[in-house]
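What follows is a single structure, written as structure tokens, with notes after it.
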Amino acid sequence: MRQAQVNRNTLETQISLNVSLDGTGKAILDTGVPFLDHMLDQVARHGMVDLEISAKGDLHIDAHHTVEDIGITLGQAFMQAIGDKKGLRRYGHAYVPLDEALSRVVVDLSGRPGMEFNVEFVRARIGDFDVDLIAEFFRGFVNHALVTLHIDNLSGGNAHHQAETIFKAFGRALRMAMESDPRASGMIPSTKGSL
């Protein structure tokens, strides 16, 4: 089982995170940011990873530090759990619709952090959640998981739908990239011999 546990304690946040990449899609989430819990549940369910996150943050200021630091912690845990990447597909992609919204996410377990985030939300807030924090979450993940991630929202007239298609597609793209490739058993999926 590819698993990891990471604790992150700063003056701004205290986070405990467990991940199992070969799970059943179960999520136990208590981040203090309900909309983020809803989005992380999508990642777990569609990525077929088990995810347990408990977070306390300086929410009296705003949700920025909490959301960003959860992305960082999830990236660290993913990096630990994924291992040497031998025999994996390496690349994953997904298109996910939700009514009028459609998003595409493409991931490369490249060992190099890089992100393209092409999303124009139709409004600035979903309830009391600032949509700017979605890019901060993914940036934190990318920089600590050492993956290349392209996120494109192709259509959408409802910000909740836009966000949900992004997180669902992210889970599904990760799931594909993490799968074993039976034709590449034991091989690093790179001509360099390392990722």
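Yes or no: the range 159-173 includes at least one residue that is farther than 20 Å from residue 37 by Cα and among the basic types (Lys, Arg).
Filtering the range 159-173 down to residues farther than 20 Å from residue 37 by Cα leaves none.
No, every residue in the range 159-173 fails to be farther than 20 Å from residue 37 by Cα and among the basic types (Lys, Arg).
Of (1) in contact with a helix residue (DSSP H, G or I) (Cβ under 6 Å, 6 or more places away or on another chain); (2) charged (D, E, K, R); (3) more than 26 Å from residue 179 (Cβ to Cβ), residue 130 satisfies all except one. Which?
(1)
Within the bounds of the range 45-61, is there any residue that is more than 16 Å from residue 142 (Cβ to Cβ), of a type in the set (S, T, N, Q) and either touching a His at 6+ places or on another chain (Cβ under 9 Å) or not in a loop (DSSP other than H, G, I, E, B) (or both)? Step through it out loud before you land on a result.
Step one: filter the range 45-61 for residues more than 16 Å from residue 142 (Cβ to Cβ), giving 45-46, 48-61.
Still in the running and of a type in the set (S, T, N, Q): 54.
Okay, now just the ones that are also either touching a His at 6+ places or on another chain (Cβ under 9 Å) or not in a loop (DSSP other than H, G, I, E, B) (or both), so 54.
Yes, because at least one residue in the range 45-61 is more than 16 Å from residue 142 (Cβ to Cβ), of a type in the set (S, T, N, Q) and either touching a His at 6+ places or on another chain (Cβ under 9 Å) or not in a loop (DSSP other than H, G, I, E, B) (or both).
crowded, with 23+ Cβ neighbours inside 10 Å and small (Gly, Ala, Ser): which single residue out of 169, 159 fits that description? Give the steps one after another, and end with the answer.
Details: 159 fails: crowded, with 23+ Cβ neighbours inside 10 Å.
Answer to the selection: 169.
Each reported figure results from applying straightforward, stated rules to the coordinates on display, with no laboratory input. Not measured: the values here are computed from a predicted model. Every residue, glycine as well, gets a Cβ built from its backbone with ideal geometry; the counts of neighbours run over all protein chains shown.
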